[in-house]
Each structure stands twice: as structure tokens, then as C-alpha cells.
Amino acid sequence: METVQQIAFVDEDVMEALGADVVPVFANALPGPPPGDSFKDDFGATLRRPPGGLYYDWQEFPLPEPSIEALDRMPWPDPADPARYRGLRERVMKLRSSTDRALFGMAPCGHDLLNQLFRVRGMEAGLIDCIANQEFAEAFLERLTLTIISAQERFLAEVGDLIDVHFAADDLGGQTGPLIAPATWRALVRPRQARIMAAIRAGTTARIVYHSCGAISELLPNLIDIGVDAINPVQVAAAGMDTRELKKRFGARLSFWGGGCDTQRVLPRGTPAEVRAEVERRIADLAPGGGFVFTPVHNIQPGVPAANIVEAFATARKAGTYPLDGNARGGMRA
């Protein structure tokens, strides 16, 4: 489903066994050679998978210098390429008529603003650009914003009336706090992210799920203000991401799509009993009143015991079923 992280499409029998409620909807991948151990992304960066490794890392960056001239020479994806959308509406209409699962839309050409800067400059250089080379950073982020908006508009013109949930993203946090100072994010990134949200709102009534890993509680009021309906993956092991506190502070205005089981320690290294206790705790924190979609935090990694995966979803199906009261906003889903 996704090359960099080697995410697989989930077979129907597995979805049925785990009680999955959601089906992803993507634009078409453009034709090209299989990635092998390295490939170039749409922006001209080179990614490599180390020997024996599972994932691809950005290793060669198309913007070695923070200049407008270098930006003008850089390869750039075309969000209007008709090959991206050929047959998309027909495919999604068939899904709409054949499943009662929610359809989760994701437009092409990237979603990240801050992280895409790191992917074309390298993370260290990109972080420096946010402070020392702001004219260049502004120019790059503005061009990227226009590209993302164009992709959102094209994708939603095809399927905006058919999907239930739509994806937006930008990884904003590390394990202990935001990647850049919140004031810098609000100056450089938030106004452009708000324009992307407005473009999504103009093209669909679907709910917007915003993906950001890490310790981002400090930024959640800003994300709510620009139109985010739900946050994912709710990285419960990061600083300031206590699920009970998040629900207390933001639950009236924000749903939580994730946080159902810690995948940094409990799911891969815990016993089934520890997994069960973790899932019960997170449901107790996040589910009351509705506004919770159960899923473990981020991707389930290779090497996680199958018994722990089964235990997590079985516990969710048992512990997460409850009658809705008049204040609930949809209950808990999986």
C-alpha cells in the first residue's frame, strides 16, 4: 500500500476477523519501475533500504542549498496528471455500494508541509532553514501548499461526495515535544495548513483526520481551530500525551483516531495480559461520550506476537461496546 514504510493492504479475511470498520481509498500510483533497494520519490529525493532492512530512508536530497534558484530546478510532482485519477470514481462507487465500512480518502502528491521540507533538504538543514533561511522556507512551503491544494481539489472532485473520512498530515512532534518551536510553526506552517484544510472542506463533507506522531498536545488547539476533526495516531508514550488528560482537555472538540494500545513497548514486548490491560485503560480514557476510533498507535511492526494483535482487537470489541447516550458523538469504532 505504501512503499517507504512497507505497509500492506489488509486482506478481507483479516479485516473481518479483527472487526475493521474502514477501507482506504487512494488515487492511482503512477507507473514506474519497482523500487528495488532504492528509488527516487516525486520530489527527486533518493531513498534507500539498508541490507536486511525493512524500510526506506531519505538519503540524498534534491535541494543541497537553500536558494530560490535551486528550488526552481528541483523536480516537482504534477497533481493534475490524469493517470492519477483514471477510473477512481468508478472504483470508489463500487466500494460505496458493496461495503458498509467507512471510506477513508487520501489524495496524492504528499500531505506534509514541515516534513516535506526535511525530505528535500535533510532534517538538520530543514530545521535550520526554519530559523536562518526563512525566505527560502517560505518560498518552498508556499509552492508545496499550492501543489497539495491542487491535489486535494482534483481528488475530491472525483470522490469527495463518496468518502466518509479524509486524511491530512504533517508529523509535528518528537518523543519529548514539537519538532520546532510552536511560535515558528504558527508563523511558517499553520496559515498554509489552514488553507489546505479550507480546500478540503470546500470539496467534501467528510470528517478530517489529521496524522501527526509525537508529543503534540501543545499544538492541538491550533489544529482544532483550523478544522481538524480527529487526531491520529495519539502517541501515548510521548510526553504530554496522557489519554485521560487529552480527553479531558480536548474531547468536546476533537475525536481520537488511535491511542488504543502503545506500540512502542506494550504491543511488541508485553504479555497478552498486559496488552489487554492497556487496551482497557485506553478505552476507559478515550471512549466515554463517543469520539474514539480504536486502533493501536501507528503501524503494527514486524515481530509483534500474533497473540498480542489478536488480544488487542478482541479486547477492543469486548470492552468498547456500549450504548450511546444523548451526548455521544458516534461511539467507539475499530
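We did not get these values from a lab; they are worked out from the coordinates using the rules stated. None of these values were measured; they are calculated from a predicted model. For neighbour counting, all protein chains shown are included, and Cβ atoms are generated from backbone atoms with ideal geometry for every residue, glycine included.
Annotations for the structure displayed:
- Arranged from fewest to most other beta-carbon atoms within 10 Å of their beta carbon, SER97, SER212, SER150 become SER97, SER150, SER212.
- Amide H within-cut-off set for VAL25, under 5 Å, with H built and near neighbours excluded: PHE104, GLY105, MET106
- Charge tally in the Cβ shell below 12 Å around ARG143, where Lys, Arg are +1 and Asp, Glu are -1, ARG143 excluded: -2
- Mean Cβ count within 10 Å, highest first, over the residues of peptides 20-29, 299-308: 20-29, 299-308
- Couplings 3J(HN,Hα) for the range 206-220, derived from phi with the Karplus relation 6.51 cos²θ - 1.76 cosθ + 1.60 (θ = phi - 60°), are 4, 5, 9, 9, 10, 8, 8, 6, x, 8, 10, 4, 5, 9, 4 Hz, where x marks Gly and Pro.
- Cα pair count fraction exceeding 21 Å, expressed as % - the range 83-191: 46
- Helix 134-159 and the longest principal axis of the C-alpha atoms of the chain enclose an angle of approximately 60°.
- Fewest neighbouring Cβ atoms within 10 Å first, the residues GLU311, GLU16 line up as GLU16, GLU311.
- Residues in the range 284-296 carry Karplus couplings, in order, of 4, 6, 9, 7, x, x, x, x, 9, 10, 6, 6, x Hz; the curve used is 6.51 cos²θ - 1.76 cosθ + 1.60 with θ = phi - 60°, and Gly or Pro positions show x.
- For the chain, convex hull volume per residue from C-alpha positions, Å³: 139
- Among TRP58, TRP185, TRP257, the ranking by other beta carbons within 10 Å of each residue's beta carbon, starting with the fewest, stands as TRP58, TRP185, TRP257.
- Amide H contacts under 5 Å for GLN235, placed H, 5+ residues apart: GLY214
- Database remark: amide H of LEU172 closer than 5 angstrom to the amide H of CYS213 (H placed geometrically; neighbours at sequence offset of 5 or more, or on other chains; Pro and chain starts carry no H).
- Karplus-derived HN-Hα couplings along the range 74-91 (A = 6.51, B = -1.76, C = 1.60, θ = phi - 60°), whole Hz, x at Gly and Pro: 6, x, 9, x, 9, x, 8, 4, x, 4, 5, 10, 4, x, 5, 4, 4, 5
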